[in-house]
Amino acid sequence: MYKRLIAVMIAAVLFTSCAFTETVNKKIEKVKEKVNEIKKEVSEKIEDDLTPTNIKLAKELGQNVLTAIQNEDVDALADLFCQYTVEEYGDDLKPEIQNLYDYIDGKIVSHDEIKTREAVGRTTEKDGIVIYSYNATIENVITDKGNKYLIGCRGYSVYKENPKLVGFVRLYVQDENKYDLLHQNHETGVDPSKFSYQIGHLPEEKNE
């Protein structure tokens, strides 16, 4: 009799304990879901706020870079680069800029409107947006010698791991005449340095 009573009591305790544990686990899961929802909302809000900022930054960057190149102003272009690129090149930055100006054959006489684009480079579940980038592209840059170029600029408005990267990081100038010629000749695997000139290097961006 007592053994049966004890067995029933133990079973009741175990059942109650399991039910309690299950209830607690459900509440924990609901809390986690709520936290994740809040994180998502905050991340989206940050992205919404950054979008117009990045578009403005990209537009200003494209215009400033174009003006510096048109005037062949080495100091003006050098001053636009972020600390990361300045330190990467050191005393070689201004000579590199002069080489870029020499690479562009002729004076710029016309170009298309500046195109802008912004994009999240990386997000994490813990920190939300940790890398946010923007681009400015100027196509059909024509010189008085009939040469055509494409100018591309890349910058970051957010780079939590390395604040030195915030700002103008990379400038890319592509000789469209050379590029088209290689394409017409069906050449593949060509080193980009044969049809372009680049200042600055992007760090590796891994999505998490």
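Among residues that are in contact with a helix residue (DSSP H, G or I) (Cβ under 8 Å, 6 or more places away or on another chain), loosely packed, with under 15 Cβ neighbours inside 10 Å, of a type outside the set (Gly, Ala, Ser) and on the phi < 0 side of the Ramachandran plot, residue 183 is not included. Scanning the stretch 107-129 for residues that are outside any strand (DSSP E or B) and within 16 Å of residue 144 (Cβ to Cβ) yields 107, 111. Applying the set (1) without any contact (Cβ under 8 Å) to a residue 12 or more places away in the chain; (2) farther than 17 Å from residue 68 by Cβ; (3) over 23 Å from the mean Cα position of the chain (by Cα) to residue 179 leaves exactly one unmet item: (1). For residue 144, which of the numbered conditions (1) out of contact with any Lys or Arg (no Cβ under 6 Å at 6 or more places or on another chain); (2) surrounded by fewer than 16 Cβ atoms within 10 Å (Cβ to Cβ); (3) under 22 Å from residue 76 (Cβ atoms) fails to hold? Every condition holds for residue 144 apart from (1).
Applying a threshold of 6 Å to beta carbon distances and a minimum spacing of six or more residues, or different chains, the list of pairs starting in the stretch 107-128 at a residue that is more than 19 Å from residue 139 (Cβ to Cβ) and ending at one that is β-branched (Val, Ile, Thr) reads 120/129; 121/131; 122/130; 122/131; 123/129; 124/130. In the stretch 99-112, the condition of being surrounded by 15 or more Cβ atoms within 10 Å (Cβ to Cβ) and farther than 14 Å from residue 70 by Cα is met by no residue. You will find that of 85, 53, the residue that is modelled with pLDDT under 85 and either surrounded by 13 or more Cβ atoms within 10 Å (Cβ to Cβ) or farther than 22 Å from residue 165 by Cα (or both) is 53 and no other.
Of the residues making up the stretch 103-159, those that are farther than 23 Å from residue 200 by Cβ and within 20 Å of the chain's Cα centre (by Cα) are 123, 124, 125, 126, 127, 128.
The values are calculated or read from the model by the stated rules, or taken from the named source; none is laboratory data. On a predicted model such as this, the values are computed, not experimentally measured, just so you know. Using ideal geometry, Cβ is built from the backbone for each residue, glycine included, and neighbour counts are taken over all protein chains shown.
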